[in-house]
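Laboratory data are not the source of any read-out in this text; all were calculated from the coordinates shown. Predicted, not measured: the structure shown is a model, and the values here were computed from it. Using ideal geometry, Cβ is built from the backbone for each residue, glycine included, and neighbour counts are taken over all protein chains shown.
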Amino acid sequence: MHPTSRMEFRGDIEGMRAIAVLLVVIGHASVGLFSGGFVGVDVFFVISGFLITSLLTQELTATGTISIRQFYTRRALRLLPASTLVLLVTLIAAWSWLSPLRFTETVKDIVASAFYVINFRLAGIGTDYWAASDPPSPVQHFWSLAVEEQFYMFWPVLILLATLWSRRRGQTRLGPLTVVLATLTAGSLALSWLVTHQSAPWAYFGGHTRAWELGIGALVALGATRFARLPRVAAELAAWIGLGAIITAAVVFDEFTPFPGIAALLPVAGAALVIAAGFRSSSAGRLLGLGPMRVLGKLSYGWYLWHWPMLLIVPVAFDMSPSLADRLALAGAALLLAQLSLVAVENPIRHLSALRHRPLRGIGLGLTLSSTTTAVALSMVVLMPPGAPGLVSPDRALFIPPAIQLDVIDDLPSGAPEVLPSASASAAPAPSMDALLAQGLNMKSLPRNLDPPLASASKAYPSTYNGCHRGFAGVSLPPDSCVFGDTSSPTTVVLLGDSHAAQWFSALEKLAKAKHWRLIPLTKANCPVGEVQVIERSFNRTYTECEQWRANAMAKIASLHPALVVTATYFDSRQPVPASSNPEAVWAEGWKRSFIKLKASAAHVVFMVDNLYRFTAGPECAAVHPDSLSACNQASTSGGLMQPTRRANVAKVAVDLGVTVIDPIPWMCLNNKCPLVVGNILTYRDNHHITPPFSRLLAPMLEAKLPALTP
């Protein structure tokens, strides 16, 4: 077997680690110039694949085999002491400062991180680093470590098997291993491209879609003898091109770049070029090998571990909105923690001869550390501080009589709608909506009979989500069973739109039962009513499923000839595809086309203007401020109106076409203040969806604004 070049310390690779961690940290610190700082992780993947493969093939050349137990011992001693320390400190910090709701989720994330499966959890729940509604996990960055460890689970074994197969065929070269690795790498790259356009979370966090990046590094290691013979000019050019590719990706890429997919080839190829060129001397290599770069590279692992929880938890602990300077200061503090943990924890444990030369002890230590982290995390759930999800201390909680469970009354007067208390309510006159809002604005403590309960509020979806609401991939219309209210009524009402239309289903269902309407919901995730092509970030491509579903829905409505179509859409920041110099005009024209079609099919069409966007998710704010709910009151003019220009343009188009426009914000706010809790009802389940109980509460207000219907 022809050996690879003997593995020696390479200062340029330490410098590459420094570049990688700098990109990640400044990206997470929201330094605007480096919107694609996340590509630092891809650089880490290539470096890891190269180093591990170099060490394994060196051992194979020297001894004729690979000690699997020794390999995993080295990995455990290298990674687990520092990661366990960070997980435990993060656990304590989360218990101390995060809300009980976030703490419960953080415990799940910490347990998954301790066993290096956090990437599966994040992919499964559809998380990304730019999630608007849910706060990111303080250990979310452990996903990349999980991907690496999953790669290492099979890579040493694969090398051994390929070597044994080669020997049986009388071959002593690394050729068969190279062929196997190249095939697997190409397959993973193809999967990455495919999945990136089908499921962005699985593409981003999946080991199967990231393995090719480590594979590229491994291929560089297997080609070491060839790269060592590169002409100096070629090595010089390759190193600088590689660095340029990495920096270009970090500057040009952003959250809207379909990633990893083909785009990841730029930073991955760049890293591979720098490493391959590093077998020869170059000016880029000497720059990367400078003392400060090598020091930073040495601290890169610890800095990566510490920076993310610092950036997420410290601002919560001090109730601050960190400026750029604050975020950079926190990143600097994380670097100091990395140095301390290296000196006090990582190096002392890693160099213990009793563990290094006793593989079973080293592996046992690793399992013990992971198990200890899990045990401590689960124990702290039991010791959760007062105000745990769904629980409110009796000495401070209020029981709000459920008199606000309002019933719809036929023939409402034109003024403020009347309401009746439910059967369980007191006989006192029901308050007006303004009175309920005023009560909510003055409420201090969270009611212990909160509806929905705080622990389940984030999952309080309309009942249409049980088979009638279409997800991102679906293009078919709901089954015939998705008819509500009086199913035999000649008066048909259709609810059309995305999840912001679906949130009004509870109100319309209440009206349909009282008014004997036949209610048919046609809703699909993130699909606007306006005929505009958009990018769906879950797929990282044009949302063709939305266009197909919308066409099907329009055809269905045309066949129904309903008495009323109620439309609503989330006005987010998505731009039309293809890009336009006047995107708002494109949106207005798209809505105009849809309104014209609906007017031709239905007797009446209603456009529900989008509701207020909350800067903090409703359940999260309530969990953080259970005794000071006024902190969750939000002004209706403080930036919570999403896309105000689009709102105004679409509303004008609607009015011009004779479409009824309804603005629900006056029902949710009083004197420019919008309470989070009204009576015993939590109004929002996240940042921008109202809860089903609140939707039902608003049914009388909605009825008062709807046009009179005839069969």
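Observations, loosely collected:
- Taking the chain and dividing mean pair separation by its residue count, relative contact order in percent (alpha carbons under 8 Å, at least six apart): 16
- Alpha carbon centroid spacing (whole Å) that separates the range 314-342 from the range 137-180: 37
- Candidates per trypsin sites (Lys or Arg not before Pro) in the range 199-305, loop by DSSP, up to 14 other Cβ within 10 Å: Arg229
- Dipole check for the range 20-382: with +1 at the C-beta of Lys and Arg, -1 at the C-beta of Asp and Glu, and the Cα centre as origin, the magnitude is about 1720 Debye.
- C-alpha center-to-center spacing [the range 650-711, the range 571-637] in angstrom: 12
- Estimated from helices alone, the mean residue ellipticity of the chain at 222 nm is -17000 deg cm²/dmol (sum of -39500 (n - 2.57) over DSSP H runs with n ≥ 4, per residue).
- Gyration tensor (alpha-carbon) shape descriptor, the range 233-367, a/c threshold 1.5: oblate
- The residue list Cys546, Leu122, Met433 was ranked by how far each Cα lies along the charge dipole of the chain toward its positive end, using unit charges on Cβ atoms, and Leu122 comes out on top.
- Above-threshold pairs, the threshold being 19 Å between Cα atoms, out of Lys515/Lys599; Lys459/Lys705; Lys652/Lys673; Lys524/Lys556: Lys515/Lys599; Lys459/Lys705; Lys652/Lys673
- In the range 202-260, a dipole from Cβ-located charges (positive for Lys and Arg, negative for Asp and Glu) runs towards its positive end, and of Pro260, Thr248, Ala221 it is Ala221 whose Cα lies farthest in that direction.
- For Lys298, no lysines have a Cα closer than 17 Å to its Cα, not counting residues fewer than 8 places off in the same chain.
- Contact order relative to length of the range 20-382, as percent, for alpha carbon pairs under 8 angstrom and 6 or more apart: 30
- Each peptide in 53-64, 682-693, 539-550 was scored by the mean count of other Cβ atoms within 10 Å over its residues; highest first, the order is 682-693, 539-550, 53-64.
- Compactness index (Cα Rg / 2.2 N^0.38 Å), the range 20-382: 0.99
- For the range 508-567 versus the range 58-117, the inter-centroid distance based on Cα atoms is 45 Å.
- When peptides 526-538, 572-584 are ranked by their average number of other Cβ atoms within 10 Å per residue, the highest-first order is 526-538, 572-584.
- For mean projected area of the Cα convex hull in nm², the candidate list reads (1) 44.0; (2) 51.8; (3) 34.5; the entry that matches the value derived from this model is (3).
- Between Gln575 and Met153, residue separation times 0.36 nm minus the direct Cα-Cα distance comes to 147.7 nm.
- Cα-centred dipole magnitude for the chain, charges only on beta-carbon of K, R (+1) and D, E (-1), debye, nearest 20: 2620
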